[in-house]
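Everything below concerns the one structure shown next.
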Amino acid sequence: MHLVPKYYFLTNGVGRNKENLASFEAALRDAGISQYNLVTVSSIIPPKCAKITREQGIQMLKPGAIVFLVLARNSTNEDHRLIAASIGLAIPSNPDEVGYLSEHHSFGETDEFAGEYSEDLAASMLATTVGIPFDINAAWNEKEQVFKASGRIIRTMNVTQSAVGDKGVWTSVVAAAVFIMDTNSTVQP
């Protein structure tokens, strides 16, 4: 039996609590995915797996369901500590090829920086798979131009959550690409 997702959606959230685990739970709640049994998987978007909205995806899931996802998470209990969690995506132009996801967890990075970094990671992994030559030391905007000019990578994107730690509490951030295996619902991506 092969479990191949038909859809995926992106989500993110932040949570705060005096306990680290409870702050993580609050971040999952903010992301809309706390009521599922989450199983983390590696970073492949299956061929023809359609991106849908968070609202559509959550509507297709049942509380308590086992749900596969690529998850980035980070937490801190340091006052004024900037944390980020980001998922980068690289989508190939050929719908019969796999796409790539990357997870990035960082300290001291803004949403924009962490998001661009996670996109760079995902696009670089896809580029090496499909044989696009590039300079690994080049800046993201240079590599992005090479990747897109090749015609093999149609787009990149990210979902990122950052937050600044508060004194006396744990702060957690999550970003996720959530997979949906099968549904009888007819969704228009």
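FYI, it's all coordinate maths here, none of it is from the lab. Every value quoted in this text rests on a predicted model; they were computed, and no experiment measured them. Cβ placement follows ideal geometry from the backbone for every residue including glycine, while neighbour counts extend to all protein chains displayed.
Structure data summary
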item	result
Residue that is nearest to the chain's Cα centre (by Cα) [pool: residues in the stretch 124-154 that are surrounded by 15 or more Cβ atoms within 10 Å (Cβ to Cβ) and either in a loop (DSSP other than H, G, I, E, B) or charged (D, E, K, R) (or both)]	Glu144
Residue satisfying condition, being more than 24 Å from Ala149 (Cα to Cα), under 18 Å from the mean Cα position of the chain (by Cα) and of a type in the set (Ser, Thr, Tyr), within set Ser102, Ser86	Ser86
Residue in the stretch 76-93 that is surrounded by fewer than 17 Cβ atoms within 10 Å (Cβ to Cβ), of a type outside the set (Val, Ile, Thr), over 21 Å from Thr53 (Cα atoms) and without any contact (Cβ under 8 Å) to a residue 40 or more places away in the chain present	no
Members of the stretch 1-25 found to be surrounded by 21 or more Cβ atoms within 10 Å (Cβ to Cβ) and aliphatic (A, V, I, L, M), listed by number	Leu10
Filter result for Tyr117 (in contact with an Asp or Glu (Cβ under 8 Å, 6 or more places away or on another chain) and not in a loop (DSSP other than H, G, I, E, B))	yes
Condition met for Glu97 (farther than 24 Å from Ala26 by Cα and part of a helix (DSSP H, G or I))	no
Whichever residue in the stretch 26-38 is part of a loop (DSSP other than H, G, I, E, B) and touching a residue at least 24 places away in the same chain (Cβ under 8 Å) and, among such residues, is surrounded by the fewest Cβ atoms within 10 Å (Cβ to Cβ)	Gln35
Hits in the stretch 140-155 - residues which are in contact (Cβ under 8 Å) with a residue 12 or more places away in the chain and either charged (D, E, K, R) or within 20 Å of Pro47 (Cβ to Cβ) (or both)	Lys143, Glu144, Phe147, Ser150, Gly151, Arg152, Ile153, Ile154, Arg155
Residues (part of a strand (DSSP E or B) and either within 16 Å of Thr156 (Cα to Cα) or among the aliphatic types (A, V, I, L, M) (or both)) located in the stretch 39-64	Val39, Ile44, Ile45, Ala50, Lys51
